[in-house]
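Participant: Starting off with a structure, shown below.
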Amino acid sequence: MTNSSEIAGKAAFDHIRYAQLWEDADVLTTALGPCAGGTLVSICSAGDNALAMLTLDPAKVVVVDLSPAQIACLHLRIGAFRHLTHPEFLELMGARPSTQRSELLTKAIVDLTPELQQFWRDLDEEVNLYGAGGVGKFERYFRIFRTKLLPFVHSRRTLDDTFISRSQPERQVFLDTRFNTWRWKILLNVFFSRFVMGRMGRDKAFFDHVDGSPAQHVARRIHHAAVACDPADNPYLHWILKGTHGDALPMTWRAEYFETIKSRLDRLDIRPGSLEAFVSTGEKADGFNLSDIFEYMSPDVFAQVYESILEASAPNARLVYWNMMAPRRVPQHLQHRVQTLTDVENAQKSKDKAFFYSDFVVEEVIS
Ligand SMILES: C[S@@+](CC[C@H](N)C(=O)[O-])C[C@H]1O[C@@H](n2cnc3c(N)ncnc32)[C@H](O)[C@@H]1O
């Protein structure tokens, strides 16, 4: 009896896919525009961006996710904000080296339900090694890339030098002469081949819309991260190449927002389940962080879900989302109901530090 209920409780948790958010919250919060006093809706993923949305001073942020493991990532962060100092938070998450992550984990989960405590205790060893922001499947791919492949391509010195702040022309020279070596090009072509990415769980159809090969797409995005933007300001690139953050941190993890977010945690309204479940409640929201969920839907399902989101939107609500590879924008038959904020999109795209997305969309509801 006890065993079966325990198993049922445990089986409810799948694996963490994203242990930290790989979408830039600076870009997201700017794109959402003024939201003070409103209701916002966010896909949870690892929870960082739902927390960042609290800095906009909304009345509440409704957080949804199909995956209980992803919701567990948000609960861990809530506990960490409540019970840790900011430097301890960074250690637990893996942004900074640490020898005390087990103790910090114990403190952070003290208020969680027994099931959530057990979920995190089972991950204690991995959290100890990589930080709580490093224990997802996505971060594991990056770790394999960094530890098993990258050492054959770039020396430690080249990787360190990548994060020295330079002028844009100097960044182009560094990319051309130090980073874009023939070994790097071979690595990109193999690791990001359709075959390998397909084997890593992405549907082959995913690449049908990509201009050129996935490796060419990645090379273009690396140019954005390494030349158009300054790598010294990029926490995502730093984690991918070095396994921790450097001086630059994602918005939610920065000291300047710690107390504000901590003081507004009770404005989170966590609803495990689908976005579609929220839109069917009849509530209206003033802004949506939709992550890149539309890419995982067929165009027909996307059109239906998009329309239902419009029904759940207050006038002037903004829909903010990314596309990694598949193109998704307001379906043609709904174009009269939204306005695309191209200027906002372009301004934020040029700054997006989570550089691997091919598109960033900001659409404002007219009616
Ligand atoms: C689409 S994934 C993308 C993750 C992302 N790129 C990141 O950096 O974290 C984000 C989350 O959306 C959730 N998700 C996907 N479709 C959903 C839906 N229709 N309703 C609620 N959550 C959904 C997944 O469970 C996952 O945790």
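Participant: Run through the DSSP bridge list for the chain and note the antiparallel percent, rounded to the nearest 5.
Facilitator: 35
Participant: For the chain, what is the relative contact order in percent, using Cα pairs closer than 8 Å and at least 6 residues apart in sequence?
Facilitator: Reported relative contact order: 22 percent.
Participant: Mind checking the full-extension length gain between Glu307 and Phe195? Use 0.36 nm per residue of separation minus the Cα-Cα distance, one decimal, nm.
Facilitator: Roughly 36.8 nm would be gained on extension.
Participant: Around Leu241, what is the net charge, scoring Lys/Arg as +1 and Asp/Glu as -1 over all other residues with Cβ under 12 Å from its Cβ?
Facilitator: So the environment of Leu241 carries a net charge of +2.
Participant: What length, rounded to one decimal in nm, is gained on full extension from Arg157 through to Ser298, with 0.36 nm per residue of separation minus their alpha-carbon distance?
Facilitator: Length gained between Arg157 and Ser298: 46.3 nm.
Participant: Return one whole number: the accessible area per residue of the stretch 293-356 in Å², for a 1.4 Å probe.
Facilitator: Per-residue value: 44 Å².
Participant: Here is a further query. Let's test the formula: R0 of 25 Å, r as the Cβ-Cβ distance of Arg220 and Asp14. What FRET efficiency results, to the nearest 0.05? The partial results should precede the final answer.
Facilitator: Details: r = 33 Å, r/R0 = 1.31.
In this case the efficiency is close to 0.15.
Participant: In nm, to one decimal, how far is the Ala347 label point from the Phe145 one, both placed 7 Å along Cα→Cβ?
Facilitator: My value for the distance between the label points is 3.0 nm.
Participant: To the nearest 500 deg cm²/dmol, what mean residue ellipticity at 222 nm is calculated for the chain from DSSP H runs of n ≥ 4 alone, each contributing -39,500 (n - 2.57), summed and divided by the residues?
Facilitator: About -12500 deg cm²/dmol.
Participant: From the mean inverse distance of alpha carbon pairs (Kirkwood) and the Cα radius of gyration, derive Rg over Rh for the chain.
Facilitator: 0.96
Participant: Hey, in the GNM for the chain with a 10 angstrom Cα cutoff, which one of Pro114, Pro214, Pro315 fluctuates hardest?
Facilitator: Between Pro114, Pro214, Pro315, it is Pro114 that shows the largest mean-square fluctuation.
Participant: Can you spot the aspartates and glutamates whose alpha carbon is less than 15 Å from Lys148's alpha carbon? Ignore those fewer than 8 places along the same chain.
Facilitator: Output for Lys148: Glu139.
Participant: Below 15 Å, Cα to Cα, which aspartates and glutamates can Lys137 reach? Residues fewer than 8 away in the same chain don't count.
Facilitator: Asp14, Glu126
Participant: Which distance in nm do the two modelled labels at Gln339 and Ser213 give, with both placed 7 Å along the Cα-to-Cβ direction?
Facilitator: Distance between the two pseudo-spin positions: 4.4 nm.
Participant: How much net charge surrounds Gly38 when only the other residues with a Cβ under 10 Å from the Cβ of Gly38 are counted, with Lys and Arg +1 and Asp and Glu -1? Working shown, then result.
Facilitator: Working: positive: Lys60, Lys284; negative: Asp57, Asp286.
Every neighbour counted, the sum reads 0.
Participant: If you don't mind, there's one more thing I want to ask. Evaluate E = 1/(1 + (r/R0)^6) for Thr30 and Asp266, where r is the Cβ-Cβ distance and R0 equals 25 Å; express this FRET efficiency to the nearest 0.05.
Facilitator: 0.50
Participant: Same structure, new question: Gln168 to Asn180: extension gain in nm, 0.36 nm per residue of separation minus the Cα-Cα distance?
Facilitator: Taking Gln168 through Asn180 to full extension adds about 2.7 nm, to one decimal.
Participant: First compute the accessible area of the chain with a 1.4 Å probe, then give the percent of it belonging to carbon and sulfur atoms.
Facilitator: 55
The values are calculated or read from the model by the stated rules, or taken from the named source; none is laboratory data. What you see is a predicted model; the values in this text were computed from it and never measured. Every residue, glycine among them, receives a Cβ derived from its backbone with ideal geometry; neighbour counts consider all protein chains shown. The protein model used for the area step is the full one, side chains on, heavy atoms only, and it has no ligands, DNA or RNA in it. Shrake-Rupley method; radii C 1.70, N 1.55, O 1.52, S 1.80 Å.
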